[in-house]
Amino acid sequence: MRRIALRTPLTFDSLSRRFEAAVPALDLAGLERRAARGATWDELQREAGHEAAYELYRFWTHSPSALLHLAGNDAPSRVYLIGSLALSARLFRIEPGTTLHAPLRIELHAHRSGGTVLSFDQPGSQLASYGPNKITQAGYELDRLLGDLLEGLDLPRPAALRR
């Protein structure tokens with residue numbers, strides 16, 4: 001597993017706003033209701049797919065600082081689960097256990113001396129541990145999508161996420 005942390009000069013609020021604009025929230029409850037009423041996979045993908053410029057969605061968002069400031073830490077922090085519906089479906093067909101690593105977890109926090117840190121574990125290195133080449137290749141696709149997102153946010157693409 002390879003952890004990557006990018007320190008940026010951007011404020012926490014600025015980077016989190018830009019990140020959330022680039023990675024739209026997925027209405028999982030709405031999609032689950034449609035699936036329960038008989039929608040097909042293609043219909044669900046079309047419904048969700050019109051917004052995601054980088055093919056990535058936010059499945060979940062959490063702000064641990066909302067509670068942890070009570071313990072004396074005042075640094076704002078936000079954690080996201082992001083992923084691609086198409087890649088998640090492909091991975092699940094091959095090995096349902098890949099849901100441990102896809103969608104992937106992204107964390108933002110304000111650095112003590114200014115700026116914001118964006119951290120994540122490289123998806124390709126996590127998914128390669130499962131063994132089958134199709135899973136490894138999907139991990140590399142997630143690396144590419146994540147690198148494209150970072151460049152779209154005007155952040156550097158880490159060498160580990162090269163195309």
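No lab work stands behind these numbers, since they all come straight from the coordinates. Just so you know, these numbers come straight off a predicted model, no measurement behind them. Cβ sites come from the backbone with ideal geometry, for glycine too, and all protein chains shown count toward neighbours.
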May I ask you to list the trypsin sites (Lys or Arg not before Pro) in the stretch 82-117 that are in a DSSP loop and have at most 11 other Cβ atoms within 10 Å of their Cβ?
-> Arg112
Where nothing but the Cβ of Lys and Arg (+1) and of Asp and Glu (-1) is charged, how large is the charge dipole of the stretch 69-163 around its Cα centre, in debye to the nearest 20?
-> 220 debye
Mind checking which of Val23, Ile106, Leu67 is farthest towards the positive end of the chain's charge dipole, using Cβ charges of +1 (Lys, Arg) and -1 (Asp, Glu) about the Cα centre?
-> Ile106
Please give the net charge around Gly152, taking every other residue with its beta carbon less than 12 angstrom from that of Gly152, where Lys and Arg add +1 and Asp and Glu add -1.
-> -2
By the DSSP-based rule, helices of the chain that are at least 27 Å long along the axis (C-alpha) and have a mean Kyte score of at least -0.5 are 133-152
How large is the helix-only mean residue ellipticity at 222 nm for the chain, computed as the sum of -39500 (n - 2.57) over DSSP H runs with n ≥ 4, divided by its residue count, in deg cm²/dmol to the nearest 500?
-> -12500 deg cm²/dmol
For the Leu70, Arg3 Cβ pair and Förster radius 30 Å, calculated FRET efficiency rounded to 0.05 is 0.65
The long-range amide H neighbours of Ser77, using H built 1.01 Å from N in the peptide plane and a cut-off of under 5 Å, are Ser65
Among 124-136, 74-86, the order from most to least packed when residues are scored by Cβ within 10 Å on average | 74-86, 124-136
Quick one: compute the contact order of the chain, relative version, from alpha carbon pairs under 8 angstrom and 6+ residues apart, as a percent.
-> 26 percent
Under 15 Å by backbone N from the virtual spin label 7 Å along Cα-to-Cβ at Arg18, the residues of the stretch 116-142 are 116-119
About the Cα centre of the stretch 3-154, how large is the charge dipole given +1 on each Lys and Arg Cβ and -1 on each Asp and Glu Cβ? Please answer in debye to the nearest 20.
-> 260 debye
